[in-house]
1. With all distinct Cα pairs included, what does the Kirkwood hydrodynamic radius of segment 395-543 come out to in Å, to one decimal, could you say?
2. Report the dimensions of segment 316-395 along its three principal axes from the alpha-carbon atoms, largest first, rounded to Å.
3. How big is segment 50-96 along each principal axis, measuring the range of its Cα positions in Å and listing the largest first?
4. So, R0 is 60 Å and r is the distance between the beta-carbons of D134 and A399; what FRET efficiency does that work out to, to 0.05?
5. Determine by what factor the alpha-carbon radius of gyration of segment 75-140 differs from 2.2 N^0.38 Å, reporting the quotient.
6. Quick check on the chain: of the DSSP beta bridges with both residues there, what percent are antiparallel, nearest 5%?
7. Please report the net charge: other residues with Cβ closer than 11 Å to the Cβ of Q100, K and R +1, D and E -1.
8. With bins 5 Å wide starting at 0, give me the P(r) of segment 1-124 over every alpha carbon pair, in whole percents.
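Rule-based calculations on the coordinates, nothing more; no lab input. Please read these numbers as outputs of a predicted model, since none were measured by experiment. Methodologically, a virtual Cβ is constructed for each residue, glycine included, from the backbone with ideal geometry; neighbour enumeration extends over all protein chains shown.
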Amino acid sequence: MARFIFITGGVVSSLGKGLMAASLAALLQARGYRARIRKFDPYLNVDPGTMSPYQHGEVYVTDDGAETDLDLGHYERFTGVPGRQSDNVTSGRIYQTIIQRERRGDYLGATVQVIPHVTDAIKAFAQADTDDVDFVLCEIGGTVGDIESLPFIEAIRQLRNDIGRENSVFVHVTLVPFIAAAGELKTKPTQHSVRELTSLGIQPDVLVCRCEQPLPASERAKIALFCNVRKEAVIPALDAPSIYAVPQAYHAEGLDREVLRAFGITANDSPDLSRWTEIVSRLSNPEGEVTIGVVGKYVGLPDAYKSLHEALVHGGIAHRVKVNIRWLDAELFEHEDALAAQLEPMHAILVPGGFGERGSEGKIASVRFAREHNVPFFGICLGMQMACIEGARNLAGIADASTTEFGPTSEPVVGLITEWMSEEGLQKREAGGDLGGTMRLGAYPATLAGNSVVRAIYGTDEISERHRHRYEVNVHYREALEKGGLVFSGMSPDGTLPEIVERPDHSWFVGVQFHPELKSKPFDPHPLFASFVGAAVKQSRLV
Ligand code: GLN
């Protein structure tokens, strides 16, 4: 049976619980254990798919087509273990399941209640699908004391009784603020947060204390005394220069050792951290740098493009260069002078995924700039669609080319897809149907053309990449677009859905309908991102 590590947060949100969970899992892996991480989100949306990126940051998509919290991206980037639908659940989904059961009459006349029905559903979720791992790390979203997270806290309290103390450990992440005027670190918020947690029946085994200043031994001892935790199990967590330096930093403070000790496992040997040492050494000693312009809509909130940001960093790791990302607001590029001034210094241009018309003319103009100036260009999802519309308008003579996403058009170079094949058979959608969970979601295969640029980059004919979109490039425009130099080099295996377009006569010009950034890892940079950053490096030597 798998052992469970329950991770809660206290005092404030945004303490890096997800990163802590990902790092701890990576450390356990480095000791030869198999680990899986799950996230419980207390909000009432069924999944984050319908939330604005401004609310929630990026929606991370798994191979099996779940729209999940962006923390699942961290988990996958740090552990290499692909996330699944069963790794993220919200209160909304739990309640949806329970209410459906109630309507079916499954509760046989019983009163349906938070305890035991909601808590049972949470426990079942935590324990499902865990046969193939040694440790399951369950991160509870939100902050202890929130009304919304109470059923989750109650469920993990019960779970410890169900599975036994030897199989469950509680890690609580808190903040130890530095009060500049007093010149002191303050432990009181941590004490209060642990008191809150113990009042709910949970005594943490390990405390992770986020702090801006080193935590002196005296303060560590004080926290241990007041919070009823071993002194060694009070783990200081200072900000790290890079997120990829976090696993080593936690190891140095004894996090993995203390968690194992709480399970009664003595960790004598050291974990193999060579993979992390190499990544950190490349990041901290770059041999050059490139500047890449990302022309998007949600540029005010970098979390909206979390995986994209990381995948570009990974491309930099592959080439030992620092990647400076300039987040550029597409809406400002509807004026040509503004566009040229901002894009000229870029060594490469990327138009990422997105939804809606706002900023689209600026994105199309950016594609044109990249094409005419032979600057490496990468279009992802909406970015590929914009590249096709640009090619249609400016090279194929289809002046009215557009996408039906932006309203009715006589030239739907990009159009709504209502039917396609998936592993589960024919999928159907209606215009005006539900928005939640109805896009083409998750992993789909693509076949690459023999002599294409992307075939050479991937080194294989068949790929599988993750999707999240409702519209597709219309294959009926293929001939016209190819005459304009845009080659359809990746197609769905049945030849109906364009997956990749490229311009062979350009320094580097690739558009993909999927989201390659979701699968990139620091120790295994995605081939397209590695190649794109490589093209940016070449470009930087030209200018
Ligand atoms: N809005 C576009 C669509 O739904 C692109 C989506 C995306 O970029 N993820 O097809």
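1. 16.8 Å
2. 38, 26, 24
3. That works out to 29, 24, 15 Å along the principal axes.
4. FRET efficiency, D134 to A399: 0.50.
5. Relative to the rule-of-thumb radius for its length, segment 75-140 sits at 1.34.
6. The antiparallel fraction comes to roughly 35 percent.
7. For residues surrounding Q100, the net value is +2.
8. Going from the shortest bin to the longest, the percentages are 2, 10, 17, 20, 19, 15, 9, 5, 2, 0, 0.
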